[in-house]
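These notes concern the structure reproduced below.
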Amino acid sequence: MDPAEHQDPAIAASTAPASPAPAPASASASASADGTVRAAGCVLWRRSPRSPGLEICLVHRPKYDDWSHPKGKLERGEDPLAGALREVAEETGYAAAPGAELPTVRYLSDGRPKEVRYWAAAATTGAFAPSDEVDRILWLAPDEARARLTRPLDRPLVDALLATLPPGTGPCP
């Protein structure tokens with residue numbers, strides 16, 4: 001899991017498709033040769049067991065008291081998608097079936113550039129168990145998830161997820 005993310009409001013963060021090349025193997029476990037911290041995660045979703053439509057999983061990190069999509073730093077030489085799925089499993093207890101790549105989020109974290117690649121991912125099997133890193137998860141309707149996310153930069157990922165899902169998968173009107 002990554003350290004506290006202190007966003008500098010003066011820095012314009014961007015969301016754009018990421019380059020397909022992973023960080024070079026010579027980079028440290030969490031940074032590229034240019035010093036950018038590399039991370040990956042998923043916008044994890046499932047069909048709602050209580051109502052028509054879908055739910056999005058958010059994780060609560062007690063150390064930072066924030067709500068976010070499951071994500072974390074990549075390990076040395078780790079494929080970004082493999083890292084995203086690993087982080088989902090570690091933080092939520094769920095295995096996931098990956099879907100489309102979503103926009104990459106870029107911002108400053110503790111004064112360093114950070115880049116987080118995201119994928120849509122459908123929860124398959126598993127169950128949540130609290131840990132020191134993630135003490136709670138919530139499964140929320142898309143509008144509720146968007147409102148609960150701590151960082152505004154994470155909110156457009158909800159819309160990006162909804163745009164990638166096949167017809168009939170999204171929330172009902």
Among 18, 39, 29, 25, the single one that is more than 13 Å from residue 137 (Cβ to Cβ) and modelled with pLDDT of 95 or more is 39
Expected single match for of a type outside the set (Lys, Arg), in contact with a Lys or Arg (Cβ under 6 Å, 6 or more places away or on another chain) and within 22 Å of residue 166 (Cβ to Cβ) among 97, 145, 84, 123 is 123
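Considering only residues of region 44-83 that are small (Gly, Ala, Ser) and surrounded by fewer than 20 Cβ atoms within 10 Å (Cβ to Cβ), which is farthest from residue 148 (Cα to Cα)?
77
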Checked 131, 109 against criteria (of a type outside the set (Val, Ile, Thr) and crowded, with 17+ Cβ neighbours inside 10 Å); the one match is 109
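The values are calculated or read from the model by the stated rules, or taken from the named source; none is laboratory data. Every value quoted in this text rests on a predicted model; they were computed, and no experiment measured them. With ideal geometry, Cβ positions are generated from the backbone for all residues, glycine too; neighbour counts draw on all protein chains shown.
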